[in-house]
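The values are calculated or read from the model by the stated rules, or taken from the named source; none is laboratory data. In this text, all values refer to a predicted model and were calculated from it rather than measured experimentally. Counting neighbours? That spans all protein chains shown, and the Cβs are built from the backbone with ideal geometry, glycine included. The protein model used for the area step is the full one, side chains on, heavy atoms only, and it has no ligands, DNA or RNA in it. Shrake-Rupley method; radii C 1.70, N 1.55, O 1.52, S 1.80 Å.
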Amino acid sequence: MRKQLLTTALLSAMALNQACNTKKEEANDEGSKKPLSLIVVEPGHFHAALVQKSMYDDVDSVVHVYASEGPDVKAYLDKVEKYNTRAEDPTRWKEEVYTGTDFMDKMLSEKKGNVVVLAGNNQKKTDYIKKSVDAGLNVLADKPMAIDAAGFDKLKEAFASADKNKVLLYDIMTERYEITNALQRELAAVPEIFGELQKGTASDPAVMKESVHHFFKYISGEPLVRPTWFFDVNQQGEGMVDVTTHLVDLVQWSAFPDVTLDYQKDMKLLNAKRTATQLTPSQFKLVTKSEKYPAFLDKDVKDSLLNVYSNGEMTYTLKGVHAKVSVLWNFQAPEGTGDTHYSIMKGSKANLIVRQGKDQKYKPVLYIESKDKSKAYEDAVTAGFKAAQDKYPGIELKKNAAGWEVTIPQKYDNGHEAHFAQVANKYMEYLKAGKLPEWEVPNMIAKYWLTTEALKSAKK
């Protein structure tokens, strides 16, 4: 009996000890500080929430939010809550929110995290970037980081301040992670397939990228409600300095991979133009839920139609190569379609073309098109393609009349929303290393010089 009691007591003690250890481990796990902690400032664009669609190993689950009170921060919090409560792989973000007109000063005085995430009103964004890096905070900013020439000058100062304070300032270039863009860059670096990048001319550029977007769309399965200020080019920025940021980035990234660019020596703007997309009052109401145009849009309303200068194009040279980028915004895509992208890089042996039209079922498809139909060239393409296959297992070449279509497994088509986590993970790698690649900062500066200079030229 005594032995049985002793055994029972021992087992009880072991169970109690195990329970204590488990609780201790849970407490440690819950309370352990991760090396990175997010501060979200004035989230006014759905991209702010998309950064939090996933959890990250090195990022604390507590997110400190500083914003003015209103529908923008509420929309952001609602999206994060949906990610937290979704059935499959829910996130675990804990949002600590401060709202008030002094939100920026409050954030800077408290500095409760070390990575500021900015995705909102672009009129104020460059100023927020500068104040954040001046305070010794890292910044991950949605594009564009500058929307006019004055903003570009301040952005250059911000990069200098970031360097001085040893923090990293980086913009969210999601389009680098779209698989056809990545493979176009990859194949352009294979001489057996592409040859050499051509110089082109102003009327026949060697690199062209065109993008069509829509004001009304669905995000995470729900109709996107845009803030009214999104339609004010003084706050959002014109098309020339907004979406074209992605296109200019892709030109640099694909045509001159890992090459440091100097905008004062390597770039020359040839021409730029801008046009407006017109919205009716009912269209404006559908996408903003606002019954009328706010006063700040009066300047853009004529005969009840809202004129939004969301369209722009520019032709320029980059290290002697002629390039053209253009962006167009429509109100809503026809049924079964969506945003589209066209891209061509012209090589001495082949052109690499991304198409996303009806024939491609509105999904981007990469083609290798060449005039050389010889067996020798075909063998060279097959051999040269192997390096890309090693990097992206499962991709294949499918012969057609013009050359080849690159067939891509579904696993690589993870969608635009997933690219935000890919950018964030890459940025976190840089934070761990304590530095960005040598070419990133000069090339960001070059990119924003071109977009803001193009706007200045188009408005003359």
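With the condition kept exactly as written, say whether any residue in the range 225-238 is in contact (Cβ under 8 Å) with a residue 24 or more places away in the chain and over 22 Å from Lys125 (Cβ atoms). No, the range 225-238 has no match at all. Within the set Ser370, Ser457, the sole residue that is over 24 Å from Val259 (Cβ atoms), of a type in the set (Gly, Ala, Ser), crowded, with 19+ Cβ neighbours inside 10 Å and touching a residue at least 24 places away in the same chain (Cβ under 8 Å) turns out to be Ser370.
Restricting attention to the range 383-415, report how many residues are of a type in the set (A, V, I, L, M, F, W, C) and either under 25 Å from the mean Cα position of the chain (by Cα) or surrounded by fewer than 11 Cβ atoms within 10 Å (Cβ to Cβ) (or both). Residues flagged as of a type in the set (A, V, I, L, M, F, W, C) and either under 25 Å from the mean Cα position of the chain (by Cα) or surrounded by fewer than 11 Cβ atoms within 10 Å (Cβ to Cβ) (or both) within the range 383-415 amount to 5. The number of residues in the range 188-224 that are over 28 Å from Glu335 (Cα atoms) and touching a residue at least 60 places away in the same chain (Cβ under 8 Å) comes to 19.
Please work out if Leu297 is farther than 24 Å from Glu175 by Cα, open to solvent by less than 40 Å² (accessible area, probe 1.4 Å) and part of a helix (DSSP H, G or I). When the stated conditions are applied, Leu297 passes them. Answer yes or no as to whether Lys346 is open to solvent by 70 Å² or more (accessible area, probe 1.4 Å) and either in contact with a Leu (Cβ under 8 Å, 6 or more places away or on another chain) or not aliphatic (A, V, I, L, M) (or both). So Lys346 does not fit the description; no. The set of residues from the range 383-437 being farther than 16 Å from Asp171 by Cβ, in contact with a helix residue (DSSP H, G or I) (Cβ under 9 Å, 6 or more places away or on another chain) and of a type in the set (Ser, Thr, Tyr) comprises Tyr392, Tyr412.
In the set (1) of a type outside the set (Ser, Thr, Tyr); (2) touching a strand residue (DSSP E or B) at 6+ places or on another chain (Cβ under 6 Å); (3) modelled with pLDDT of 95 or more, Gln356 fails one condition alone, (3). Take Glu222 and decide whether it is closer than 24 Å to Ala119 by Cα, at pLDDT 95 or above and open to solvent by 50 Å² or more (accessible area, probe 1.4 Å). No, not satisfied. Screening the range 105-121 for residues that are over 24 Å from Met428 (Cα atoms) and touching a residue at least 12 places away in the same chain (Cβ under 8 Å) and picking the one that is least open to solvent (accessible area, probe 1.4 Å) gives Asn121. In summary, Tyr83 fulfils each of the numbered conditions (1) over 22 Å from Tyr170 (Cα atoms); (2) hydroxyl-bearing (Ser, Thr, Tyr); (3) open to solvent by 30 Å² or more (accessible area, probe 1.4 Å) with the single exception of condition (3). Among what's in the range 264-289 and is of a type in the set (A, V, I, L, M) and in a helix (DSSP H, G or I), pick the residue that is least open to solvent (accessible area, probe 1.4 Å). By that ranking, first place goes to Val287.
Could you list, in sequence order, all residues of the range 242-258 that are outside any helix (DSSP H, G or I) and among the aliphatic types (A, V, I, L, M)? The answer is Val243, and nothing else. Within the bounds of the range 244-257, is there any residue that is open to solvent by 40 Å² or more (accessible area, probe 1.4 Å), over 22 Å from the mean Cα position of the chain (by Cα) and not aromatic (Phe, Trp, Tyr)? No. If the condition is being among the β-branched types (Val, Ile, Thr) and surrounded by 14 or more Cβ atoms within 10 Å (Cβ to Cβ), then the range 192-219 contributes Ile193, Val207, Val212, Ile219.
Of the helices (runs of 4 or more DSSP H) lying entirely inside the range 36-131, those carrying at least 2 residues that are more than 21 Å from Gly237 (Cα to Cα) are 71-85, 103-110. Checked against the criteria, Leu261 counts as open to solvent by less than 20 Å² (accessible area, probe 1.4 Å), touching a residue at least 12 places away in the same chain (Cβ under 8 Å) and assigned to a loop (DSSP other than H, G, I, E, B). Counting only residues that are modelled with pLDDT of 95 or more and closer than 17 Å to Met104 by Cβ, the range 42-62 holds 2 of them.
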